[in-house]
Amino acid sequence: MKIDVIIPTYRPDEKLDRCLRMLRKQTVAPNRILLINTEESLFHSKEFKKLPQGEIIHITKPEFDHGGTRNRAASMCHGDVIVLLTQDAIPADEYLIENLVKPFEDEEVCAAYGRQMADWKDNPVEAYTRLFNYPKESRVKSAEDLPELGIKTFFCSNVCAAYRKSVYDELGGFPLHTIFNEDMIFASRLIEEGKKIAYTADAKVWHWHNYTAKEQLKRNFDLAVSQVDAGGLFLTVRSESEGIKLVKKTLAYFIRKKKYSLVPHIILQSAAKYIGYKLGQNYKKLPETLILKISLNPTYWNRKTGGEF
(Lines give C-alpha, C1' and ligand atoms only; values in the text may rest on other atoms or scores of the structure.)
Protein backbone atom coordinates (compact mmCIF):
# COMPACT_ATOMS: atom_id res chain seq x y z
CA MET A 1 0.00 0.00 0.00
CA LYS A 2 1.48 3.33 -1.09
CA ILE A 3 0.79 6.21 1.26
CA ASP A 4 1.10 9.94 0.57
CA VAL A 5 0.98 12.52 3.36
CA ILE A 6 -0.43 16.02 2.77
CA ILE A 7 0.11 18.89 5.22
CA PRO A 8 -1.20 22.42 4.52
CA THR A 9 1.02 24.99 6.25
CA TYR A 10 0.77 28.68 7.08
CA ARG A 11 3.38 30.45 9.18
CA PRO A 12 4.44 27.14 10.79
CA ASP A 13 6.13 27.11 14.18
CA GLU A 14 8.11 24.48 16.04
CA LYS A 15 5.11 22.12 16.09
CA LEU A 16 5.58 21.45 12.37
CA ASP A 17 9.20 20.45 12.99
CA ARG A 18 8.07 18.10 15.75
CA CYS A 19 5.46 16.64 13.41
CA LEU A 20 7.96 16.08 10.60
CA ARG A 21 10.53 14.64 13.01
CA MET A 22 8.01 12.01 14.12
CA LEU A 23 7.02 11.26 10.51
CA ARG A 24 10.65 10.30 9.82
CA LYS A 25 10.40 7.70 12.61
CA GLN A 26 7.25 5.94 11.40
CA THR A 27 7.24 2.15 11.11
CA VAL A 28 5.36 2.56 7.82
CA ALA A 29 7.16 5.21 5.80
CA PRO A 30 5.09 7.45 3.52
CA ASN A 31 5.86 7.36 -0.18
CA ARG A 32 5.90 11.16 -0.20
CA ILE A 33 5.24 14.00 2.22
CA LEU A 34 3.76 16.98 0.40
CA LEU A 35 3.49 20.36 2.08
CA ILE A 36 1.25 22.93 0.43
CA ASN A 37 2.30 26.21 2.00
CA THR A 38 0.62 29.61 2.03
CA GLU A 39 3.03 32.57 1.71
CA GLU A 40 6.49 31.31 0.77
CA SER A 41 8.46 33.98 2.64
CA LEU A 42 6.92 32.89 5.95
CA PHE A 43 7.86 29.23 5.70
CA HIS A 44 10.62 28.09 8.05
CA SER A 45 11.36 24.46 8.91
CA LYS A 46 14.67 22.78 9.62
CA GLU A 47 13.14 19.31 9.68
CA PHE A 48 11.60 19.58 6.21
CA LYS A 49 15.07 19.59 4.65
CA LYS A 50 15.77 16.21 6.26
CA LEU A 51 12.87 14.46 4.52
CA PRO A 52 14.07 12.46 1.51
CA GLN A 53 10.49 12.17 0.26
CA GLY A 54 9.54 15.74 1.16
CA GLU A 55 8.08 18.13 -1.43
CA ILE A 56 6.63 21.60 -1.08
CA ILE A 57 4.31 23.75 -3.17
CA HIS A 58 3.88 27.43 -2.33
CA ILE A 59 0.62 29.28 -2.89
CA THR A 60 -0.62 32.79 -2.12
CA LYS A 61 -3.11 33.59 0.62
CA PRO A 62 -5.98 34.38 -1.81
CA GLU A 63 -5.46 30.94 -3.39
CA PHE A 64 -6.06 29.07 -0.15
CA ASP A 65 -9.32 27.16 0.16
CA HIS A 66 -10.02 24.56 2.86
CA GLY A 67 -11.19 21.96 0.36
CA GLY A 68 -9.61 23.21 -2.84
CA THR A 69 -6.07 23.45 -1.47
CA ARG A 70 -6.21 19.88 -0.18
CA ASN A 71 -7.71 18.72 -3.49
CA ARG A 72 -4.84 20.37 -5.35
CA ALA A 73 -2.32 18.49 -3.24
CA ALA A 74 -4.26 15.23 -3.61
CA SER A 75 -4.24 15.58 -7.41
CA MET A 76 -0.44 15.43 -7.24
CA CYS A 77 -0.50 12.19 -5.25
CA HIS A 78 -0.81 8.71 -6.70
CA GLY A 79 -0.76 6.51 -3.61
CA ASP A 80 -3.46 4.08 -2.56
CA VAL A 81 -4.17 6.16 0.54
CA ILE A 82 -3.72 9.86 1.25
CA VAL A 83 -3.08 10.94 4.82
CA LEU A 84 -4.11 14.44 5.87
CA LEU A 85 -2.43 16.17 8.80
CA THR A 86 -2.34 19.74 10.05
CA GLN A 87 0.92 21.50 10.87
CA ASP A 88 0.19 21.45 14.61
CA ALA A 89 -0.72 17.75 14.87
CA ILE A 90 2.19 15.88 16.43
CA PRO A 91 2.26 12.07 16.08
CA ALA A 92 2.31 10.55 19.56
CA ASP A 93 4.48 7.61 18.49
CA GLU A 94 6.08 5.88 15.52
CA TYR A 95 2.96 3.78 14.82
CA LEU A 96 0.65 6.60 13.73
CA ILE A 97 0.56 5.84 10.01
CA GLU A 98 0.67 2.07 10.48
CA ASN A 99 -2.41 2.20 12.73
CA LEU A 100 -4.21 4.87 10.71
CA VAL A 101 -4.18 2.87 7.47
CA LYS A 102 -4.90 -0.52 9.04
CA PRO A 103 -8.72 -0.17 8.70
CA PHE A 104 -8.38 -0.02 4.90
CA GLU A 105 -7.92 -3.78 4.92
CA ASP A 106 -11.74 -3.68 4.92
CA GLU A 107 -12.68 -2.69 1.35
CA GLU A 108 -15.79 -0.86 2.57
CA VAL A 109 -13.76 1.51 4.76
CA CYS A 110 -12.97 4.61 2.72
CA ALA A 111 -11.92 7.04 5.45
CA ALA A 112 -10.20 6.74 8.81
CA TYR A 113 -9.32 9.31 11.43
CA GLY A 114 -7.11 9.20 14.47
CA ARG A 115 -7.35 10.10 18.13
CA GLN A 116 -6.52 13.65 19.19
CA MET A 117 -5.14 14.17 22.68
CA ALA A 118 -4.54 17.26 24.80
CA ASP A 119 -2.15 17.90 27.69
CA TRP A 120 -3.96 17.58 31.02
CA LYS A 121 -1.58 20.06 32.67
CA ASP A 122 -1.88 22.71 29.97
CA ASN A 123 -5.64 22.50 29.41
CA PRO A 124 -7.51 19.96 31.58
CA VAL A 125 -10.94 20.89 30.20
CA GLU A 126 -9.80 20.39 26.61
CA ALA A 127 -8.10 17.13 27.61
CA TYR A 128 -11.37 15.81 29.04
CA THR A 129 -13.49 16.90 26.08
CA ARG A 130 -11.01 15.19 23.76
CA LEU A 131 -11.86 11.92 25.55
CA PHE A 132 -15.53 12.51 24.72
CA ASN A 133 -14.94 13.09 21.01
CA TYR A 134 -11.94 10.77 20.72
CA PRO A 135 -12.43 7.83 23.11
CA LYS A 136 -9.95 5.03 23.70
CA GLU A 137 -12.06 2.49 21.81
CA SER A 138 -11.93 2.24 18.01
CA ARG A 139 -15.11 2.00 15.97
CA VAL A 140 -16.22 1.58 12.35
CA LYS A 141 -19.27 3.69 11.43
CA SER A 142 -21.82 3.34 8.64
CA ALA A 143 -25.30 4.60 7.76
CA GLU A 144 -26.71 1.99 10.13
CA ASP A 145 -25.30 4.03 13.04
CA LEU A 146 -27.26 7.21 12.19
CA PRO A 147 -30.14 6.50 14.61
CA GLU A 148 -27.68 5.98 17.47
CA LEU A 149 -24.87 8.42 16.71
CA GLY A 150 -26.60 11.17 14.76
CA ILE A 151 -24.13 13.72 13.45
CA LYS A 152 -21.21 11.85 15.03
CA THR A 153 -21.72 9.11 12.41
CA PHE A 154 -19.75 11.17 9.93
CA PHE A 155 -17.49 12.92 12.37
CA CYS A 156 -14.01 13.02 10.83
CA SER A 157 -11.11 15.43 11.21
CA ASN A 158 -8.39 16.39 8.74
CA VAL A 159 -6.16 17.13 11.71
CA CYS A 160 -5.34 13.44 11.33
CA ALA A 161 -7.25 11.48 8.71
CA ALA A 162 -6.73 9.09 5.79
CA TYR A 163 -8.77 8.47 2.65
CA ARG A 164 -8.92 5.70 0.08
CA LYS A 165 -7.63 7.60 -2.95
CA SER A 166 -9.75 5.81 -5.57
CA VAL A 167 -13.01 6.65 -3.77
CA TYR A 168 -11.80 10.16 -2.94
CA ASP A 169 -11.25 10.79 -6.65
CA GLU A 170 -14.50 9.10 -7.61
CA LEU A 171 -16.50 11.47 -5.38
CA GLY A 172 -14.58 14.54 -6.54
CA GLY A 173 -12.65 15.15 -3.33
CA PHE A 174 -13.47 17.79 -0.74
CA PRO A 175 -16.09 20.46 -1.43
CA LEU A 176 -14.81 23.72 -2.86
CA HIS A 177 -15.29 27.15 -1.31
CA THR A 178 -16.51 25.88 2.03
CA ILE A 179 -15.91 28.06 5.07
CA PHE A 180 -14.85 25.14 7.23
CA ASN A 181 -15.55 21.47 7.92
CA GLU A 182 -14.59 20.04 4.52
CA ASP A 183 -13.69 16.76 6.23
CA MET A 184 -17.12 16.08 7.75
CA ILE A 185 -18.90 17.19 4.59
CA PHE A 186 -16.94 14.66 2.57
CA ALA A 187 -17.46 12.02 5.26
CA SER A 188 -21.23 12.58 5.11
CA ARG A 189 -21.09 11.89 1.38
CA LEU A 190 -19.26 8.64 2.06
CA ILE A 191 -22.02 7.60 4.45
CA GLU A 192 -24.66 8.54 1.87
CA GLU A 193 -22.82 6.35 -0.66
CA GLY A 194 -22.98 3.37 1.70
CA LYS A 195 -19.28 3.49 2.63
CA LYS A 196 -17.73 3.16 6.09
CA ILE A 197 -15.61 5.48 8.23
CA ALA A 198 -13.19 4.12 10.83
CA TYR A 199 -12.24 5.85 14.04
CA THR A 200 -8.80 4.46 14.90
CA ALA A 201 -7.97 5.12 18.55
CA ASP A 202 -4.46 3.66 18.24
CA ALA A 203 -3.50 6.32 15.67
CA LYS A 204 -2.73 9.14 18.09
CA VAL A 205 -1.67 12.77 17.72
CA TRP A 206 -1.16 15.55 20.21
CA HIS A 207 -3.39 18.40 19.14
CA TRP A 208 -5.37 21.02 21.03
CA HIS A 209 -6.05 24.76 21.16
CA ASN A 210 -6.50 27.17 24.04
CA TYR A 211 -9.37 29.11 22.48
CA THR A 212 -10.97 32.09 24.20
CA ALA A 213 -14.77 32.20 24.51
CA LYS A 214 -14.88 34.70 21.64
CA GLU A 215 -12.84 32.36 19.43
CA GLN A 216 -15.12 29.45 20.35
CA LEU A 217 -18.16 31.49 19.31
CA LYS A 218 -16.58 32.35 15.96
CA ARG A 219 -15.43 28.79 15.33
CA ASN A 220 -18.84 27.31 16.07
CA PHE A 221 -20.55 29.96 13.96
CA ASP A 222 -18.46 28.88 10.97
CA LEU A 223 -19.07 25.22 11.78
CA ALA A 224 -22.84 25.69 11.67
CA VAL A 225 -22.62 27.76 8.47
CA SER A 226 -20.71 24.93 6.79
CA GLN A 227 -23.38 22.43 7.80
CA VAL A 228 -26.26 24.61 6.59
CA ASP A 229 -24.56 25.19 3.24
CA ALA A 230 -23.70 21.50 2.86
CA GLY A 231 -27.29 20.40 3.46
CA GLY A 232 -27.92 16.68 2.97
CA LEU A 233 -27.55 14.60 6.11
CA PHE A 234 -26.59 17.64 8.18
CA LEU A 235 -30.20 18.82 7.97
CA THR A 236 -31.69 15.48 9.00
CA VAL A 237 -29.65 14.33 12.02
CA ARG A 238 -29.47 15.65 15.57
CA SER A 239 -26.47 17.76 16.57
CA GLU A 240 -27.14 19.97 19.60
CA SER A 241 -27.91 16.97 21.82
CA GLU A 242 -24.30 15.80 21.55
CA GLY A 243 -23.05 19.19 22.67
CA ILE A 244 -25.42 19.30 25.64
CA LYS A 245 -24.35 15.79 26.65
CA LEU A 246 -20.70 16.87 26.53
CA VAL A 247 -21.32 19.94 28.72
CA LYS A 248 -23.17 17.90 31.35
CA LYS A 249 -20.48 15.22 31.48
CA THR A 250 -17.66 17.79 31.63
CA LEU A 251 -19.26 19.72 34.48
CA ALA A 252 -20.02 16.54 36.38
CA TYR A 253 -16.46 15.29 35.99
CA PHE A 254 -14.73 18.41 37.29
CA ILE A 255 -17.23 18.89 40.12
CA ARG A 256 -16.61 15.28 41.13
CA LYS A 257 -12.88 16.03 41.06
CA LYS A 258 -13.56 19.17 43.18
CA LYS A 259 -12.06 21.41 40.50
CA TYR A 260 -14.69 24.06 41.19
CA SER A 261 -12.57 26.90 39.82
CA LEU A 262 -12.98 25.45 36.32
CA VAL A 263 -16.79 25.50 36.41
CA PRO A 264 -17.22 29.17 35.33
CA HIS A 265 -14.75 28.59 32.50
CA ILE A 266 -16.67 25.52 31.28
CA ILE A 267 -20.01 27.37 31.42
CA LEU A 268 -18.63 30.42 29.57
CA GLN A 269 -16.97 28.34 26.86
CA SER A 270 -20.04 26.16 26.43
CA ALA A 271 -22.36 29.17 26.18
CA ALA A 272 -20.10 30.74 23.56
CA LYS A 273 -20.11 27.54 21.51
CA TYR A 274 -23.88 27.24 21.69
CA ILE A 275 -24.56 30.88 20.79
CA GLY A 276 -22.10 30.72 17.90
CA TYR A 277 -23.65 27.50 16.61
CA LYS A 278 -27.24 28.81 16.78
CA LEU A 279 -26.23 32.04 15.04
CA GLY A 280 -24.51 30.03 12.33
CA GLN A 281 -27.59 27.87 11.81
CA ASN A 282 -29.57 31.05 11.18
CA TYR A 283 -26.90 33.07 9.38
CA LYS A 284 -29.16 33.76 6.39
CA LYS A 285 -31.33 35.91 8.64
CA LEU A 286 -28.41 37.97 9.98
CA PRO A 287 -27.16 41.33 8.63
CA GLU A 288 -23.93 41.22 6.66
CA THR A 289 -22.12 43.49 9.14
CA LEU A 290 -22.81 41.08 12.00
CA ILE A 291 -21.73 38.04 9.96
CA LEU A 292 -18.37 39.63 9.23
CA LYS A 293 -17.85 40.37 12.92
CA ILE A 294 -18.64 36.87 14.20
CA SER A 295 -17.06 34.74 11.47
CA LEU A 296 -13.56 33.40 11.90
CA ASN A 297 -13.09 33.60 8.12
CA PRO A 298 -14.27 37.01 6.84
CA THR A 299 -12.50 36.54 3.50
CA TYR A 300 -14.81 33.59 2.79
CA TRP A 301 -17.81 35.91 2.65
CA ASN A 302 -16.17 38.17 0.11
CA ARG A 303 -15.68 35.15 -2.15
CA LYS A 304 -19.20 33.89 -1.48
CA THR A 305 -20.79 37.17 -2.52
CA GLY A 306 -18.35 38.09 -5.27
CA GLY A 307 -16.74 40.81 -3.21
CA GLU A 308 -19.96 42.62 -2.34
CA PHE A 309 -19.47 42.43 1.42
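The values are calculated or read from the model by the stated rules, or taken from the named source; none is laboratory data. Given the structure is predicted, the values throughout are model-derived calculations rather than measurements. We place every Cβ from the backbone using ideal geometry, glycine too, and count neighbours over all the protein chains shown. Each accessible area value is taken on the protein alone, full model and side chains, heavy atoms only, with ligands, DNA and RNA left out. Shrake-Rupley method; radii C 1.70, N 1.55, O 1.52, S 1.80 Å.
Take the residues in segment 1-40 that are within 15 Å of Q87 (Cβ to Cβ) and β-branched (V, I, T), then tell me which one is surrounded by the most Cβ atoms within 10 Å (Cβ to Cβ). Among those residues, the one meeting the criterion is V5.
Output the residues belonging to segment 61-86 that are assigned to a loop (DSSP other than H, G, I, E, B) and open to solvent by less than 70 Å² (accessible area, probe 1.4 Å). Within segment 61-86, F64, D65, M76, C77, G79, T86 qualify.
Search segment 131-142 for residues being touching a strand residue (DSSP E or B) at 6+ places or on another chain (Cβ under 9 Å) and not basic (K, R), and hand back the single one that is nearest to A118 (Cα to Cα). Of everything passing the filter in segment 131-142, L131 is nearest to A118 (Cα to Cα). Within segment 292-305, restricting attention to residues that are more than 18 Å from A230 (Cα to Cα) and open to solvent by less than 70 Å² (accessible area, probe 1.4 Å), the residue that is modelled with the lowest pLDDT is N302. Just so you know, in segment 214-244 the residues that are open to solvent by less than 50 Å² (accessible area, probe 1.4 Å) and of a type in the set (D, E, K, R) include one that is nearest to the chain's Cα centre (by Cα), and it is D222.
Listed conditions (1) within 30 Å of D93 (Cα to Cα); (2) modelled with pLDDT of 95 or more; (3) not charged (D, E, K, R) are all met by I266, apart from (1).
Checked against the criterion of being without any contact (Cβ under 8 Å) to a residue 24 or more places away in the chain and closer than 23 Å to G114 by Cβ, segment 253-271 contains not a single residue that satisfies it.
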